[in-house]
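Below: the structure, in structure tokens.
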Amino acid sequence: VTQLGEVVEVYNLKDSTHVVRIGEHDEPEFKVSDGYGIPTGIMGFSDVQVTDSAIYAVFHGTSFKEIARQSGKLPDGGKYIYVFSLKGEPLYKYVLDHYIYGIWVDEATKTIMATDVNSDQPILKFCFGSV
């Protein structure tokens, strides 16, 4: 997954196949200023976990223009968890009630543990599907 932009690449080690999925926010965008690449697109993914049956990724989706406009007032992290098949096909998009960074997924209990860097209680638990 890309930290800047909305790109997921899946490489299958067993058969050497490679799949690229580009979301609506596209690939990372930059402008060059004084020899440096400055991101101009969006904050993309911050964490990914691959399980035996799916790929889970935390997605931000906030534009750098909005981040600059809010000058540090926006919560840090992503409010979405995207779920893909092991072949990179989109399966689910969860919209969360907190902004998170890191995740740990337990498919057996249908639980996602997440970290919220904006909170004094930084460990969150989300349940998905039916147990």
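Ranked from largest, the principal axis spans of the Cα set of segment 18-82 equal 44, 30, 19 Å. For I123 and E66, the difference between the fully extended length at 0.36 nm per residue and the C-alpha to C-alpha distance is 17.9 nm.
Return the single residue from V83, V105, V95 with maximal mean-square fluctuation; model: Gaussian network over the chain, springs between Cα atoms under 10 Å. Of the options given, V95 has the highest mean-square fluctuation.
Counting only DSSP H runs of at least 4 residues, each contributing -39500 (n - 2.57), and dividing by the residue count of the chain, the helix-based mean residue ellipticity at 222 nm comes to -1500 deg cm²/dmol.
When a/c is below 1.5 the answer is rounded, else prolate if a/b is larger than b/c, else oblate, so apply that to the chain with a ≥ b ≥ c taken from the square roots of the Cα gyration tensor eigenvalues. Oblate, since a/c reaches 1.5 and b/c is not below a/b.
Here, each number is a calculation from the coordinates, and none is a lab measurement. Just so it is clear, the model here is predicted, and its values are computed rather than measured.
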